[in-house]
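Undergrad: Next up is a structure, given as structure tokens.
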Amino acid sequence: MTIIHVESVSHLATLLQEAKAQLVVIDFHATWCGPCHQIAPRYESLAQSHPHVRFLKCDVDAAQDVARKYSISAMPTFLFLKDNKQVDLVRGANARALEQAIKKHASLTADDAAFLTQQTKKVQGIVADLPAESEAERAERARAQKDATHTAHRLDKGVEVVVKTMADGLKAMGNNFMKDSRASDAVLCYSEALRLDPDNLVYRNNRAQAALQDKRWSMAFSDAAIVVSKEPSNTKAWIRLGKALRSLGRVDEAIEAFTAAAVSAPSSAATAEIAETEHIKASHNGQPLPEGQTISWELGLKRTEALVRQLEEDFLKSRGVFSV
């Protein structure tokens, strides 16, 4: 979010009228003030990570009428306004107090809430139109559940306990593959975890990220959309949905998803993605990117079976992702 420099009382009045119920923060500073220069980078960073807050700066020597209006006598002073009324004040270069005040008062405006609701409903409609689970995938889900049941009997443990333990183990294994830049194997692990627990949104969100790295845009799109449809405040899922949409050439929808991410929670990442996508749109480069080359279904299943066998051995011997 761009920081606007206040030039006069009349200029500020216009800015406050535009802001309506949006939180406005004014940094009253001076060019000769050392602490003002010290906290300036943090103020700029906060402006980037809180796109639904308006950040202003006011040079007390250049705009003395504004400083007089609010009786500013020490610099830096941070004034917080909502609906043209003062709601808070932070004196001095106290970054922690500044951040806490922003967090306290930066609630969603009615327009922000309406936009997020609109986007969520739009995604829920997309999810409702997603293709049904294939017969082959249903068979694999049944196979995974059956394998977990056999493992539970072999270990003389409860089926539910083993299913959860194995699913979480697969997630952990997938996370390790992601750290090693092995996105294809991570996708296999998260997919098997989802066969054991199809409604787990953490596994699905993780697979969306792995699918993006593996250039599997359609999988990333459907996974992120499912997460967002059930958790509208999930910023990471919104960003992943935006990236998938952008890769599929749906640039306008990507901007909407990134904006929803920024509205749902302050995020410099979302702001950066909006800027990048708007640049792509302006350059007329928003073409679909080719999907990555993925392994065949049969080869993927063989690789999955090998990973599950390894996981079962690790479970039995308390090693690998199960090591204490």
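The values are calculated or read from the model by the stated rules, or taken from the named source; none is laboratory data. A quick note: this is a predicted structure, and the numbers were derived from the prediction, not measured. Using ideal geometry, Cβ is built from the backbone for each residue, glycine included, and neighbour counts are taken over all protein chains shown.
Undergrad: Applying the selection to region 245-303, what residues are surrounded by 12 or more Cβ atoms within 10 Å (Cβ to Cβ) and among the polar types (S, T, N, Q)?
TA: Within region 245-303, SER247, THR259, SER264, SER267, SER268, THR271, THR277, THR294 qualify.
Undergrad: May I ask you to verify whether SER222 is modelled with pLDDT of 95 or more, over 26 Å from ARG143 (Cβ atoms) and more than 11 Å from the chain's Cα centre (by Cα)? Don't jump to the end; show me each part of the working.
TA: Working: modelled with pLDDT of 95 or more: yes; over 26 Å from ARG143 (Cβ atoms): no; more than 11 Å from the chain's Cα centre (by Cα): yes.
In short, no.
Undergrad: To continue, here is another question. From VAL227, VAL202, grab the single residue that is free of Cβ contacts under 8 Å to residues at least 60 places away in the same chain and either surrounded by 24 or more Cβ atoms within 10 Å (Cβ to Cβ) or within 11 Å of the chain's Cα centre (by Cα) (or both).
TA: Details: VAL202 fails: either surrounded by 24 or more Cβ atoms within 10 Å (Cβ to Cβ) or within 11 Å of the chain's Cα centre (by Cα) (or both).
Among VAL227, VAL202, only VAL227 is free of Cβ contacts under 8 Å to residues at least 60 places away in the same chain and either surrounded by 24 or more Cβ atoms within 10 Å (Cβ to Cβ) or within 11 Å of the chain's Cα centre (by Cα) (or both).
Undergrad: Moving on to the next point. Kindly indicate which of ALA167, ALA172 is within 22 Å of GLU140 (Cα to Cα), surrounded by fewer than 20 Cβ atoms within 10 Å (Cβ to Cβ) and either polar (S, T, N, Q) or modelled with pLDDT under 95 (or both). Write out each step before concluding.
TA: Details: ALA167 fails: surrounded by fewer than 20 Cβ atoms within 10 Å (Cβ to Cβ).
Sole residue among the options that is within 22 Å of GLU140 (Cα to Cα), surrounded by fewer than 20 Cβ atoms within 10 Å (Cβ to Cβ) and either polar (S, T, N, Q) or modelled with pLDDT under 95 (or both): ALA172.
Undergrad: Tell me which helices (runs of 4 or more DSSP H) are completely within region 1-90 and hold 1 or more residues being among the basic types (Lys, Arg), or say none if there are none. Walk me through how you get there before you give the answer.
TA: Details: elements: 9-19, 34-49, 64-69.
In region 1-90, the matching helices (runs of 4 or more DSSP H) lie at 34-49, 64-69.
Undergrad: Looking only at residues that are touching a strand residue (DSSP E or B) at 6+ places or on another chain (Cβ under 7 Å) and not small (Gly, Ala, Ser) in region 83-103, which one is farthest from SER264 (Cα to Cα)?
TA: Kept after step one, since they are touching a strand residue (DSSP E or B) at 6+ places or on another chain (Cβ under 7 Å), are these residues of region 83-103: 86-91, 97-98, 101-102.
Subset that is not small (Gly, Ala, Ser): 86-91, 98, 102.
Working: GLN86: 25, VAL87: 22, ASP88: 23, LEU89: 25, VAL90: 25, ARG91: 29, LEU98: 21, ILE102: 15 Å.
Among those that are touching a strand residue (DSSP E or B) at 6+ places or on another chain (Cβ under 7 Å) and not small (Gly, Ala, Ser), it is ARG91.
Undergrad: Residue check, LYS104 against (1) surrounded by fewer than 18 Cβ atoms within 10 Å (Cβ to Cβ); (2) part of a loop (DSSP other than H, G, I, E, B), all met but one. Which one?
TA: The one condition LYS104 does not meet is (2).
Undergrad: State all residues of region 48-88 that are among the charged types (D, E, K, R) and surrounded by fewer than 19 Cβ atoms within 10 Å (Cβ to Cβ); if no residue qualifies, say none.
TA: To start, the set of residues in region 48-88 that are among the charged types (D, E, K, R) comprises 54, 57, 59, 61, 65, 68-69, 82-83, 85, 88.
Matches in region 48-88: ASP61, ASP65, ARG68, LYS69, ASP83, LYS85, ASP88.
Undergrad: Looking only at region 206-233, which residues are of a type outside the set (Gly, Ala, Ser) and closer than 14 Å to VAL123 by Cα? Step through it out loud before you land on a result.
TA: Residues of region 206-233 that are of a type outside the set (Gly, Ala, Ser), as a first pass: 206-207, 209, 212-217, 219, 221, 223, 226-228, 230-232.
Hits for region 206-233 are PHE221, ASP223, ILE226, VAL227, VAL228, LYS230, GLU231, PRO232.
Undergrad: Kindly establish whether VAL159 is closer than 30 Å to LEU316 by Cα, hydrophobic (A, V, I, L, M, F, W, C), surrounded by 13 or more Cβ atoms within 10 Å (Cβ to Cβ) and in contact with a helix residue (DSSP H, G or I) (Cβ under 8 Å, 6 or more places away or on another chain).
TA: Values: closer than 30 Å to LEU316 by Cα: yes; hydrophobic (A, V, I, L, M, F, W, C): yes; surrounded by 13 or more Cβ atoms within 10 Å (Cβ to Cβ): yes; in contact with a helix residue (DSSP H, G or I) (Cβ under 8 Å, 6 or more places away or on another chain): yes.
So VAL159 fits the description; yes.
Undergrad: Answer yes or no as to whether ASP214 is touching a Leu at 6+ places or on another chain (Cβ under 9 Å) and not basic (Lys, Arg).
TA: On the way: touching a Leu at 6+ places or on another chain (Cβ under 9 Å): no; not basic (Lys, Arg): yes.
So ASP214 does not fit the description; no.
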